[in-house]
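A.B. asks: I am attaching a structure below and will ask some questions about it afterwards.
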Amino acid sequence: RRGCPLLVVVLLRVSDTNLLNMASASAVNALTVDPSEVTPEELEQSAATSIANGLTPERAAQVLAEDGPNELEQPPRPTLLMLFILQLVGFVIVLLLCAAVASIVVNGYGPKKHDVLSYTTGMAIFIIVLINACIAAWTEHKAGDALEALTKMTQASIYVVRGGKEIKVEVPTIVRGDIVVLGTGDVVPADLRLAEADDVKVSEMALTGEPDDVAKTYKNKPKKEGEPEKLTPENMVFSGCNVTNGKGRGIVVDTGMQTRIGRIAQLIAGEDMGKGKKKTCGCLPDTGANATPLQVNLERLGARIGVLAIIVCVVIFIIGVAMDRRDPENLESPSWLYMILIAVTLAVAAIPEGIPLCVTISLSIGCSDMVKKNVLVRKLAAVETLGSASVICSDKT
């Protein structure tokens, strides 16, 4: 009996230790407080870190494995082949391809099937469609290369406190609970709650659009009654902002896509970041929601031309069969075969195969002119969208 209380105490202490370890392990994963409304000491305790010593290397590695790297997710970039295929799914292009195939098939069964020149129309349409798709795909692919290079123009590493030492780490390896050391010229690698600030000023133009530097402090300032809420608290600095003056330390509260700049990236790229998006033909991305006015008008024009061509061809076919029109060079052939050749020939002639190529070349010329003025156009059709803007609303920035 005398040994039982001791055993109970030992078990309770072991249990308490395990609970404390579990609590500290999960504290960084879910901060239940607003970092800007608590003191650095309270946040230090809530995040299970130390302003003086930072996280241990083992703990940092564990959080990195749970949260993933501190970087913005990017939707999968389409390959050059995918961009080429995407140029072939428009209604006008599909109509042209059908007309080219029909022209070749009809001439293959016609009286001049052994004459190579009889296939000129179909082959010309194929060549025009391929040239159009190649120009558009290559232009968009090169713009993607340039944009990818721009995303790499960020600070690659920064100093953090881990295990009581200041060490230089890669920005993608920064985790919640890390203590980041900031200095003039640094780019803030994640959303931080300042724990120390010595005349710190940052440029928040990327978030607010304001060109003036913003002074920061580690102190909590009580909100005055009637004072409007600020977009960026004075005791926090955010990912992507430049430190223009002073030095300080901050506790990482959000990384990657959970930062404010990450939420902006989600709004730009779509909430699902390329996952679960609608597909065209079961495998291609559906870009119909982002179609420009020119693309919409071309689709409507193609639909109208296609419907009218089909209606006219059907009417001509019915009238020709009813009047028993036959091939003058081969009166023994059935009238329906001759009228099919006539109807398909009319359909091919009615479709304007030069429209897509003319539009693509015009947009490419506009894109080239804008590149000369240091304006990078990611989507070829965006040139026309910018040209159709009649009013641009902008503030002083």
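A.B. asks: How many residues does the stretch 105-129 hold that are assigned to a helix (DSSP H, G or I), over 30 Å from Thr139 (Cα atoms) and open to solvent by 50 Å² or more (accessible area, probe 1.4 Å)?
C.D. replies: Of the residues in that region, 5 qualify.
A.B. asks: Additional query: Which pairs turn up if I take residues in the stretch 94-116 that are without any contact (Cβ under 8 Å) to a residue 24 or more places away in the chain and look for partners that are open to solvent by less than 30 Å² (accessible area, probe 1.4 Å) and among the polar types (S, T, N, Q) with beta carbon separation below 7 Å, at least 6 apart in sequence or on another chain?
C.D. replies: Asn107/Ser118; Lys112/Ser118
A.B. asks: Every residue in the stretch 219-235 that is open to solvent by 80 Å² or more (accessible area, probe 1.4 Å), touching a Ser or Thr at 6+ places or on another chain (Cβ under 9 Å) and either farther than 24 Å from Asp199 by Cβ or not aliphatic (A, V, I, L, M) (or both), please.
C.D. replies: Across the stretch 219-235, the qualifying residue is only Lys219.
A.B. asks: Quick check on the stretch 145-163. Is at least one of its residues modelled with pLDDT of 90 or more, open to solvent by 20 Å² or more (accessible area, probe 1.4 Å), more than 31 Å from the chain's Cα centre (by Cα) and within 30 Å of Pro57 (Cβ to Cβ)?
C.D. replies: yes
A.B. asks: Those residues that are over 19 Å from Gly122 (Cα atoms) and open to solvent by 70 Å² or more (accessible area, probe 1.4 Å), I need them from the stretch 70-93; list them, please.
C.D. replies: Answer for the stretch 70-93, where residues must be over 19 Å from Gly122 (Cα atoms) and open to solvent by 70 Å² or more (accessible area, probe 1.4 Å): Glu71, Leu72, Glu73, Gln74, Pro76, Arg77, Thr79, Leu81.
A.B. asks: Let me ask something additional. Mind telling me which of the residues Val63, Val33 ends up being surrounded by 11 or more Cβ atoms within 10 Å (Cβ to Cβ), modelled with pLDDT under 85 and either at positive phi or β-branched (Val, Ile, Thr) (or both)?
C.D. replies: None of the others qualify; the one that does is Val33.
The values are calculated or read from the model by the stated rules, or taken from the named source; none is laboratory data. Keep in mind that this is a model prediction, so the values were computed, not measured. A quick note on method: Cβ atoms are made from the backbone with ideal geometry, for glycine too, and the neighbour counts reach across all protein chains shown. Protein only, heavy atoms only, side chains kept; ligands, DNA and RNA dropped before computing areas. Shrake-Rupley method; radii C 1.70, N 1.55, O 1.52, S 1.80 Å.
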